[in-house]
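First up is the structure itself, then whatever we jot down about it.
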């Protein structure tokens, strides 16, 4: 893949992510903050972005979204569940909520 193609794909991912994030924040800010793994301040900034700012940010050459886990525990819970998928997802959500609380405390 050429650099231009990669940047174009990153722009599309960023645009989709930012539009989804704005929609989630406008619908239910508290839940969006948790699900996106962002602070209240960042949520308010994203919510206030104009369409022109969203396009400019999407074209920044930097990926806006990132994985919320640094170890394999959460990834394993989300992908390698055996018997109870709901329980595994709940456990992963609890672990990620703890990470968020630690990051923004």
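The values are calculated or read from the model by the stated rules, or taken from the named source; none is laboratory data. Everything quoted here is computed from the prediction, not taken from an experiment. Ideal geometry is used to build each Cβ from the backbone, glycine not excepted, and the neighbour counts take in all protein chains shown.
Out of all the residues in the stretch 11-41, which are at pLDDT 95 or above, out of contact with any helix residue (DSSP H, G or I) (no Cβ under 7 Å at 6 or more places or on another chain) and surrounded by 15 or more Cβ atoms within 10 Å (Cβ to Cβ)? Across the stretch 11-41, the qualifying residue is only 17. Within the stretch 1-32, being touching a residue at least 24 places away in the same chain (Cβ under 8 Å) and within 11 Å of the chain's Cα centre (by Cα) holds for 14, 17, 18, 21.
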